[in-house]
Amino acid sequence: MDALVRRTVLDTLVLAAATATSVAHAQATPPSPPTVIIVKAAHLIDGRGGAPLSPGMVRVEGERIVAVAASLPVPAGAKVIDLGDATLLPGLIDLHTHLTGARNVHWEDALTRTTPGHDALWGARNALVTLRAGFTTVCDMGPTWPFVDVDLRDAINAGAVLGPRMMVAGNYVSATGGAGDARQFSIYVDVPLVKNLADGPEEITKAVRTNFKNGADFIKILSTGAVLSKGIPPGAQQYSEAEIQAAVTEAGRWGRQVASHAHGAGGIIASIKAGVRTVDHGSYLNDEAIELLKASNRRTFYVPTLYTAVAVEQEGAANGIPAAERERNRQIKDAEYGGFKRALAAGIPIGFATDAVVIEHGENAKECAVRGQLGEAPMACIVAATSLDAEIMGWSDRVGSVEAGKYADLIAVPGDPLRDITQLQKVGFVMKGGAVVREELARR
């Protein structure tokens, strides 16, 4: 055995011995208790709809909340974060985002103008912006480049990238020629990696299985046309009830949910009857759909995205949205707002979502301002963006309210958002899982 080989073997043995010693020491030494953090503010809204605590204090140990009260003892050695006159709230939740990719590249152009790497890097940027805006949890509704959102979720979970907790669709399911058909180029051009089109129950079932195999948490299916898409109009139904049912049935076998992109009344009604978890957008929500939602007994939820109408009108041209699609936006706006008012009057639960990428990432809280202008009380929007969204996701055991046992996902805003809901746009403190991400409001 020559000297180089002997030295390599020796180094390996030494490293192995050191590792074994280190592991044994770690096993023999009890772990040190987590650092105690006390967060306090003039007001605390816990996300469940009750009266705020004034003042409010939260005790955090490790990733979790362990106590919440108007006053808590401060143990020796605890770190105290004093937010002064601010209002403390749970981290906000957005049920409909698209974090990957750059906003100024229209999704119909992405396959010929970008790469998965491009979209992943922009996704890391957008995830951080979203987190700093106070949205500590999101449902991501599928990228143009399939499964880039899966990679982003995994990078965040591994600590490589800062961003919100993510539940991801991986690759949305759509009909040939319908909304979500991203192949908006010559039939002689192919992008073989992109296969999100499925027609008929059998193809849809296979698409659902493929998405789950590749890391998706839930399924997004496009049941009607879209505003920002060529092809079938947004009010038209593009998937039959049987096709939607195929997605719901297969997802159910995996213990997973289905989100249905549905603007038109026919697609909304077919989606509810098929048993989807959410009707996203729901622009032409009518009385029949509302009665079906009531009868579903919180199985299916209406989740509008209202600020998009403003964003497309004001910023669409600058972000490459074609004139025909901006016109679709103008035509559907009154219906969207009317459907929301109808839902409010009916008293059904209304999830909170934004379709971020259509709106600027980090401006998600502007959705509450629009909902307020249409008649929703500030507390109702806060509950929608916290505990209700957590219920819809099936994550009520971990996020959505400031309660003992939940993740320490906390935000704070100046002033009182119950008097002025636009204060949610001024987040100055963010904690995710006990780690402080932003603390401008903290007193020094």
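None of the figures in this text is laboratory data; all of them are computed from the coordinates on show. All values reported here derive from a predicted model rather than from experimental measurement. In this analysis, Cβ positions are derived from the backbone assuming ideal geometry, glycine residues included, and neighbour counts consider all displayed protein chains.
Fewest neighbouring Cβ atoms within 10 Å first, the residues 263, 106 line up as 106, 263. Report relative contact order for the chain in percent, whole number only (criteria: Cα-Cα under 8 Å, sequence separation at least 6). Dividing the mean separation by the residue count of the chain yields 18 percent. Among residues other than residue 230 whose Cβ falls under 15 Å from its Cβ, what is the net charge (Lys/Arg +1, Asp/Glu -1)? In short, -2. Among 43, 118, sorting on how many other beta-carbon atoms sit within 10 Å of each Cβ, with the fewest leading, yields 118, 43. Ignoring lysines fewer than eight residues from residue 406 along the same chain, the ones with Cα atoms less than 18 angstrom from its Cα are 40, 432.
Here is what passes the span test in the chain: the DSSP H helices with alpha carbon length of 15 Å or more along the helix axis and a Kyte-Doolittle mean of -0.5 or above are 3-28, 116-132, 241-253. With only the Cα atoms considered, region 312-429 has a convex hull volume of 126 Å³ per residue. Taking amide hydrogens as placed 1.01 Å from N in the peptide plane, the amide H of residue 81 sits under 5 Å from those of 38, 39, 40, each at least 5 positions away in sequence or on another chain. In summary, the aspartates and glutamates within cross-link reach of residue 79, defined as a Cα separation below 13 angstrom excluding same-chain residues under 8 places away, comprise 61. With Cα atoms as the point set, the radius of gyration and Dmax of the chain evaluate to 23.7, 84 Å. Shown here for region 182-263: chymotrypsin sites (Phe, Trp or Tyr not before Pro) in loop regions (DSSP other than H, G, I, E, B) with at most 16 other Cβ atoms within 10 Å, namely 185, 188, 254. Pairs of lysine residues in region 92-393 that meet both criteria, 8 or more places apart or on different chains and Cα atoms under 20 Å apart, total 13. Answer rounded, prolate or oblate for region 289-329, using the Cα gyration tensor with square roots of eigenvalues a ≥ b ≥ c: rounded when a/c is under 1.5, else prolate when a/b is larger than b/c, else oblate. Note, shape of region 289-329 comes out prolate.
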